[in-house]
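Beneath this line is the structure, given in structure tokens, with notes to follow.
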Amino acid sequence: MKGSNRMKNHLPLTRRKFIRTTAASSVALGWLGSGQAPRVLAATADKPALLGGTPAHQGGWVSWPQWRAEWEPKMLEVWRSRHWFRGSGTHVAEFEKGYAKLLGAKRCLATSSGTTALIVGLHALDVDAGDEVIVSPYTFSASYNAILSLKALPVFADTDPATLTINPALIESRITERTRAIMPVHIFGMPCEMEAINAIARKHKLAVIEDACQAWLAEYQGRKCGTLGDLGTFSFQESKHLPSGEGGAITSMSEELIDKCDSYHNCGRAVGTNQGTGCFTRGVNYRMTQAQAVLLQLQFDKLVQETEVRRANADYLSANLGKIPGITPVRLPANSRPVWHLYSFRYDASRFNGLSRDQFARAMGAEGVPCGGVYREQYYEGLLDEAIASRGFKRLWSPERLKAYRDSFPELKGNKQVCETTVSFVQSMLLADRRAMDDILEAIRKIQAHSAALAKA
């Protein structure tokens, strides 16, 4: 397949393997200092660890997910109750009320995963076979797969290299008579430009479903992500800020839409504004368990507290990384507050004597600061080729449309740039103390000062 071998060699780690790898060691969450200037190296900087120097960071990092002994009595209580599935207890409903309140949403529905939240939400918005959904190409494959599962086509509007999110200026050019919805992805917990996206949706009478699976408590213009479109979706997978192993949620200001989601995720059973008896409509079983709901509720306060720690450390890093030639922090929308599921910046190898992004990541790892790229150009990896070559898709779209769709991938030049130049490290590293943040800055300065030698190593 065209481009597949190139991309397979481009990045050896999947996102989740990357997260597991970089979060393997642990230290206790320390005091978050404030107002401290970073340690500045002299012109004769210590050698990088790869060249025989001492690693900049010699401790570990906060392990993830975390467990607290004080949670055990409540978890044992739900297990001993033998009321485990959604229909035999109250914990899931309590979680839904609590999470809706936390986000400022009118309603919340818990699901079995972030992916199933997307599938249920798309169904509730009447996305059906033969429809098209505009989505960012820079995202985990679940965003694509949720659309494909409904026999709809994920149509890509290019990534803005400055923000790592969908470029609103390029959305309208992707709208066709089949477009049903726009799916902005708040990647790494960074809000999209929702004002512009919603304006386009209103103009063309399209639904908006936010993929906020990495954006718990992220804010845009005073409102939480997940409350800015028709529906918002979240994930509680093990790597997430609010984890329960698996799990997801849908949020909305619309009673009717959440009731439609509720019916579909619960085998088609009638609920609320949806009238009828028994299994009256299409449905699946995408329910959350009682134990998952309890574990999530136990972490609400922790989520709020840790979000502020991540933000403070990310602000500190961004302010100082922007002073290093060749390192460009992500540009955020005005009046927004990200939550940094991954902390990312753009890397310019030309300012590091040609040291490649992968060489840079290797050198950072030797300094005790694990990092790397995350997403590849996934549309070259077979997922979409398999879908559009299937009998179903061939029945739904003309050969000309599917060829034009496939041929449009090279146009995604912004996404290619992002995939090749972005460096990220995991959110749990942002839970360390201020000295650890200084270690990250020191590691980058050391590598830059000796980049010519590292490039030849």
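Please treat every number below as a calculation from the coordinates, not as lab data. Note that the structure is a prediction, hence the values are computed from the model and not measured. Positions of Cβ are generated from backbone atoms using ideal geometry, with glycine treated the same way; all protein chains shown enter the neighbour counts.
A few points about this structure:
- Charge tally for residue 107 (other residues, Cβ to Cβ under 15 Å; Lys, Arg +1; Asp, Glu -1): -3.
- Each Lys or Arg adds one and each Asp or Glu takes one away; over the other residues whose Cβ falls under 11 Å from the Cβ of residue 165, this sums to -3.
- Take the Cα of residue 413, step 7 Å toward its Cβ, do the same at residue 267, and the gap between the two points is 5.4 nm.
- Here 241, 186 are placed in order of increasing Cβ neighbour count within 10 Å, fewest first, which gives 241, 186.
- Annotation for the range 172-186 versus the range 233-265: alpha-carbon center distance of 22 Å.
- FRET efficiency for residue 401 and residue 195, using Cβ-Cβ distance with R0 set to 30 Å, rounded to 0.05: 0.45
- Three-way shape label, the chain, alpha-carbon gyration tensor, a/c 1.5: oblate
- Residues with amide H under 5 Å from that of residue 208, placed H, sequence gap 5 or more: 182, 230, 231
- Candidate cross-link partners of residue 394 among the lysines, defined by an alpha-carbon separation under 23 Å and a same-chain spacing of 8 or more, comprise 2, 151, 403.
- Across the range 131-148, rounded Karplus estimates of 3J(HN,Hα) from the backbone phi angles (6.51 cos²θ - 1.76 cosθ + 1.60, θ = phi - 60°) give 7, 10, 10, 7, 8, 6, x, 9, 6, 5, 4, 4, 4, 5, 5, 4, 5, 4 Hz, Gly and Pro being marked x.
- Rel. contact order, % - alpha carbon contacts under 8 angstrom, at least six apart, the range 69-299: 25
- Beta-bridge orientation, the range 69-299: approximately 50 percent antiparallel, per DSSP, counting only bridges with both partners inside.
- Pairs of alpha carbons in the range 69-299 whose separation is greater than 32 Å (percent): 17
- Residue by residue, the range 85-102 carries 3J(HN,Hα) couplings of 8, 3, x, 10, x, 10, 5, 5, 4, 5, 4, 4, 5, x, 6, 4, 5, 4 Hz when phi is fed to the Karplus relation 6.51 cos²θ - 1.76 cosθ + 1.60 (θ = phi - 60°); x denotes Gly or Pro.
- Fully extended contour minus Cα-Cα distance, from residue 129 to residue 72, at 0.36 nm per residue: 16.0 nm
- Normalising the average separation of contacting C-alpha pairs (under 8 angstrom, six or more residues apart) by the number of residues puts the relative contact order of the range 78-206 at 19 percent.
- If the segment from residue 101 to residue 82 were pulled out straight at 0.36 nm per residue, it would be longer than the present Cα-Cα gap by 4.0 nm.
- Most to least packed among 445-457, 189-201 [average Cβ atoms within 10 Å]: 189-201, 445-457
- Point-to-point label distance, residue 178-residue 356, nm (Cα→Cβ direction, 7 Å offset): 3.8
- Structure-based [θ]222 nm, the chain - -39500 (n - 2.57) summed over DSSP H runs of at least 4, per residue, nearest 500: -11000 deg cm²/dmol
- Estimated inter-spin distance, residue 305 and residue 162, nm [label 7 Å along Cα→Cβ]: 3.8
- Length-normalised contact order for the chain - Cα pairs under 8 Å, 6+ apart - percent: 24
- Extension gain (nm, one decimal) between residue 254 and residue 323, 0.36 nm per residue minus Cα-Cα: 20.3 nm
- Shape of the range 336-457, Cα gyration tensor, a/c cut at 1.5: prolate
- Shape of the range 268-394, Cα gyration tensor, a/c cut at 1.5: oblate
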